[in-house]
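See structure below.
The values are calculated or read from the model by the stated rules, or taken from the named source; none is laboratory data. Computed from a predicted model, the values in this text were never measured in an experiment. Note that each Cβ is placed from the backbone with ideal geometry, even for glycine, and that neighbours are counted across all protein chains shown.
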Ligand code: IVH
C-alpha cells in the first residue's frame, strides 16, 4: 500500500489536486478520497520515513483543501480522515480496558553467559539444535497497544498492569506515525492487537528543552517520562507539540472474521510480522532488525550496538532478542511476567553512585535560583560527571538529599545529569541537611516564590547575576549572534566595568580592551566588526534577545509579523495579542508587562540610537530588495566568510527562504568545509544546485 513506487503517483495526484481545486468533473467524494490518500502518503513520508517530498506549504494547502471539502460535504467525512486526528475535546478520564492478550514484560540479560543460558533453554523447549533469533533495539519509551478492527484503528491503550491498561485512543490518534486505517484485511486479518513504544527523538527532545529554556519554562527531565506524561494529557492538541512517534514491534493477537487465530499461520516469523507492519505504514524497527542463528554473531552485534548507542536517534536501553519463528514462540510459551521466547539484553546503566560534596546556588537570567550539586567526579556512560541538577527546593526536600550523602546519579536522555536519590543506608551521621538560601547568593536581596511555582527567584532586576545572564542571552547564537562576544568575554567585560547593561555593548572602550591579556589589534577589530554586524539583525532576533519571559524565537517571529517596529508592541493589549496564532495568555501578559516598563522602552530607544535595527522584516526586506525571492537555501558545513546565522539572515533579508533539510524543494545547497550527509543527499536528488561558499557570494554579487 505504501510502496515507494507509489511515490510518483502520489506526487502527481497531489499536484493535480492542487491545480484542479474544484474541478467539477471529479466528484467531491472522489476528491476527498484522493486527498486523504495523498495526505496519508505524505504523513508516512514525513513521520515514518522522515523523508518528506513536498514543502510544508504544499502539504498545508492539500490539508486545507480537504478540510474545506469536508466542511461543504460532511456526509463524506470519515473518522479515518487526516483532518480528524485532533478531536478538540477534552478527555476527562481514561477508562480501564482489558488487553486482548497480556502485555508482558521482558526477562533481562547482561552478558554473553546469560544469553548462552537463554539459548540452551530455548533449544531444550523446542527440541531443536539451531534457532533463528532476531535482534532489535529495546526502545526506552512508554508502551502502547493498538487494536485495529476491519482495518480501522478502534482503540489505543497504555500498558497499565499488563492485563488492563488505560484507553488513550483520542491521544494516540494525534500521532501521525499511527495510521488511522491500515489494510490488514489484505493479510486476511479482521482484528489485530499490536504493541509498540511511544518515543520522542533525541533531537526533538533537545530542541523542545531549548525552547523551554529560552521561554523561562522548566525543562523536561527525560524523553521517556515526557512521552508517558504526554500520552495521558487531557487536551490532545497539546500532544501534537511534543514530537511523539510510535514504533511498533510486536503482534499480540490476530484473528480473521471467523475469529480464528492467525498468528503463526498467515505470518510465520517475527521478521515477517515486522515486514507486514512496515508495509502497512507503521514505523517499525525493520531496518534495525538482524537475524542470525549464531550466538557469537549475536554477541558481536550487541557489542557494536552498545558502543554506538549514543548515535542512535532514540533512547535505547538495550536490545531485544526474540525467537524468529512464531510457531516456536508458541511452543516456548510465557511465564506470568515475560515470554520465554524473548529476552532483553540491557546496556550498562547510565547510572552510578558518587558523593555530594557541595551545592552551588546559581542565579539565572530570570532570577530563578537553581541548586547545582557539586559531585566527586565520576565516570558515567563515557563522560566524567562532576555536577548535576537538583532542580529546586521541593526536589531536595522530597528526596531528603544531604551534603556528604552518597547519591545515585543518572544521565538520562543525554541531558544534564540528575541526582536520582540519596542512599541513606550509607550515612555516617556526618551528613548535613541542605538549607535553601533565603537571600540571593549574589546580591543578597530576599528571595521570593509564588504559589504556583516551585522555584525561588531574586526579584532584583539589577542583580549582577541577572544582568550578566541577560547580556549573555542578548549576544548568544540564537539572539543577536555577536561574534567575538560570548559568555566568558561578557563576564570579563562586566568585571572590567566595560559593560554594565545591554546598550554598553555598542559603546565598548576598544582602546582599553586592547590592553587586556589575550587581545590584539586583529581580535579587537573582529569584535568591533561582530558588533557592527549585529546591528542589522532581524527585529525578531532583537525581540527574542531582549529576554522577555516566555518569548522564544518562535513567538518572537510571530509577533514581529504583526508590527512594523519592536516598540509598537507597547500599543497592544493582552487580549489583542492573544488573538494572534500560537500566542497564549502567559506570553501575552509577559509581553505587555515588559513594554509597560519605562526602563525597557528607554533601553529600546538607546539601541535605536546606536543604529540597531528594530524594524520588522517586511521593512528591512524592502530596503534590501527581493533578489532571492522564491529561492530556497540550505547551508551545511563550516562557512569561512560569515557565520551560518549571518548567511541565513542575509538570505531571509533578501526574500529567500531557509529550509531545514534537503528535499526536492531545495534550490541551493551551500557547502562549507566538512559537509556531511546533506551533500550526498542533494547529489542523489539531482535537482539541487550545489554551491561553494565562494560561488554563493559570487552569485549574490552577480
Ligand atoms: S517485545 C511479549 N520489543 O520493553 C513481548 N519490547 O522491559 C513484548 N520494549 O514491556 C515485548 N522495545 O514495553 C519488545 N523491541 C522491543 C521493545 C520492547 C522496548 C519494552 C516493552 C516491554 C519492556 C520490557
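At a glance:
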{"item": "Positions within the stretch 655-666 being farther than 25 Å from residue 204 by Cβ and surrounded by fewer than 18 Cβ atoms within 10 Å (Cβ to Cβ), in sequence order", "result": "655"}
{"item": "Subset tally (residues that are farther than 15 Å from residue 45 by Cβ, in a loop (DSSP other than H, G, I, E, B) and touching a helix residue (DSSP H, G or I) at 6+ places or on another chain (Cβ under 6 Å)) for the stretch 660-679", "result": "1"}
{"item": "Exclusive hit being within 16 Å of the ligand (Cβ to nearest atom), under 22 Å from residue 99 (Cα atoms) and surrounded by 17 or more Cβ atoms within 10 Å (Cβ to Cβ), set 278, 254", "result": "254"}
{"item": "Sole residue being over 27 Å from the mean Cα position of the chain (by Cα), within 16 Å of the ligand (Cβ to nearest atom) and free of Cβ contacts under 8 Å to residues at least 60 places away in the same chain, chosen from 107, 161, 129, 151", "result": "161"}
{"item": "All positions within the stretch 682-696 that are surrounded by fewer than 18 Cβ atoms within 10 Å (Cβ to Cβ), part of a helix (DSSP H, G or I) and in contact with a strand residue (DSSP E or B) (Cβ under 9 Å, 6 or more places away or on another chain)", "result": "683, 695"}
{"item": "Qualifying residues in the stretch 167-204 (those that are in contact with a strand residue (DSSP E or B) (Cβ under 9 Å, 6 or more places away or on another chain) and assigned to a helix (DSSP H, G or I)) - the one nearest to residue 266 (Cα to Cα)", "result": "187"}
{"item": "Selected residue (only one of 628, 607 is surrounded by 13 or more Cβ atoms within 10 Å (Cβ to Cβ) and either under 29 Å from the mean Cα position of the chain (by Cα) or assigned to a helix (DSSP H, G or I) (or both))", "result": "607"}
{"item": "Residue identified as without any contact (Cβ under 8 Å) to a residue 40 or more places away in the chain, outside any loop (DSSP other than H, G, I, E, B), more than 11 Å from the ligand (Cβ to nearest atom) and under 30 Å from residue 470 (Cβ atoms) among 296, 360", "result": "360"}
{"item": "Residue identified as touching a residue at least 24 places away in the same chain (Cβ under 8 Å), surrounded by 18 or more Cβ atoms within 10 Å (Cβ to Cβ) and in contact with a helix residue (DSSP H, G or I) (Cβ under 9 Å, 6 or more places away or on another chain) among 65, 121", "result": "65"}
{"item": "Residue 321 vs. criteria surrounded by 17 or more Cβ atoms within 10 Å (Cβ to Cβ), outside any loop (DSSP other than H, G, I, E, B) and within 10 Å of the ligand (Cβ to nearest atom)", "result": "yes"}
{"item": "Hits in the stretch 332-352 (condition: within 11 Å of the ligand (Cβ to nearest atom), in a strand (DSSP E or B) and farther than 18 Å from residue 302 by Cβ)", "result": "334, 339"}
{"item": "Residues that are assigned to a loop (DSSP other than H, G, I, E, B) and within 26 Å of residue 660 (Cα to Cα), drawn from the stretch 56-95", "result": "85, 86"}
{"item": "Qualifying residue in the stretch 178-190 (condition: modelled with pLDDT of 95 or more and either within 16 Å of the ligand (Cβ to nearest atom) or under 20 Å from the mean Cα position of the chain (by Cα) (or both))", "result": "yes"}
{"item": "Pairs with Cβ under 6 Å, 6+ apart, first in the stretch 194-215 and farther than 30 Å from residue 272 by Cα, second in a helix (DSSP H, G or I)", "result": "205/223"}
{"item": "Qualifying position, being more than 16 Å from the chain's Cα centre (by Cα), within 16 Å of the ligand (Cβ to nearest atom), within 26 Å of residue 342 (Cα to Cα) and surrounded by 23 or more Cβ atoms within 10 Å (Cβ to Cβ), among 194, 168", "result": "194"}
{"item": "Residue under evaluation residue 303, criteria (1) within 24 Å of residue 159 (Cα to Cα); (2) not in a strand (DSSP E or B), criterion not met", "result": "(1)"}
{"item": "Residue, surrounded by the fewest Cβ atoms within 10 Å (Cβ to Cβ), within the stretch 582-598, restricted to residues that are free of Cβ contacts under 8 Å to residues at least 12 places away in the same chain and closer than 30 Å to residue 507 by Cβ", "result": "598"}
{"item": "Flag if residue 73 is more than 16 Å from the ligand (Cβ to nearest atom), in contact (Cβ under 8 Å) with a residue 24 or more places away in the chain and on the phi < 0 side of the Ramachandran plot", "result": "yes"}
{"item": "Candidates 442, 420, 408, filtered to the one that is in contact (Cβ under 8 Å) with a residue 24 or more places away in the chain, touching a strand residue (DSSP E or B) at 6+ places or on another chain (Cβ under 8 Å) and either farther than 22 Å from residue 352 by Cα or part of a loop (DSSP other than H, G, I, E, B) (or both)", "result": "442"}
{"item": "Sole residue being out of contact with any strand residue (DSSP E or B) (no Cβ under 6 Å at 6 or more places or on another chain), touching a residue at least 24 places away in the same chain (Cβ under 8 Å) and surrounded by 13 or more Cβ atoms within 10 Å (Cβ to Cβ), chosen from 48, 97, 38", "result": "38"}
{"item": "Within the stretch 531-560, considering residues that are over 23 Å from residue 213 (Cα atoms) and part of a loop (DSSP other than H, G, I, E, B), the one modelled with the highest pLDDT", "result": "535"}
{"item": "Counted residues, the stretch 86-103 - those being over 29 Å from the mean Cα position of the chain (by Cα) and within 16 Å of the ligand (Cβ to nearest atom)", "result": "4"}
{"item": "Single match in 275, 271, 241 (criterion: farther than 21 Å from residue 136 by Cβ, touching a helix residue (DSSP H, G or I) at 6+ places or on another chain (Cβ under 9 Å) and outside any loop (DSSP other than H, G, I, E, B))", "result": "241"}
{"item": "Residue 225 within 16 Å of the ligand (Cβ to nearest atom), over 23 Å from residue 45 (Cβ atoms) and either outside any loop (DSSP other than H, G, I, E, B) or modelled with pLDDT of 95 or more (or both)", "result": "yes"}
{"item": "Residue list for the stretch 257-267, restricted to those being outside any loop (DSSP other than H, G, I, E, B), away from the ligand (no atom under 13 Å from the Cβ) and in contact with a helix residue (DSSP H, G or I) (Cβ under 6 Å, 6 or more places away or on another chain)", "result": "267"}
{"item": "Residues within the stretch 468-512 that are under 34 Å from the mean Cα position of the chain (by Cα), crowded, with 18+ Cβ neighbours inside 10 Å and not in a helix (DSSP H, G or I), tallied", "result": "7"}
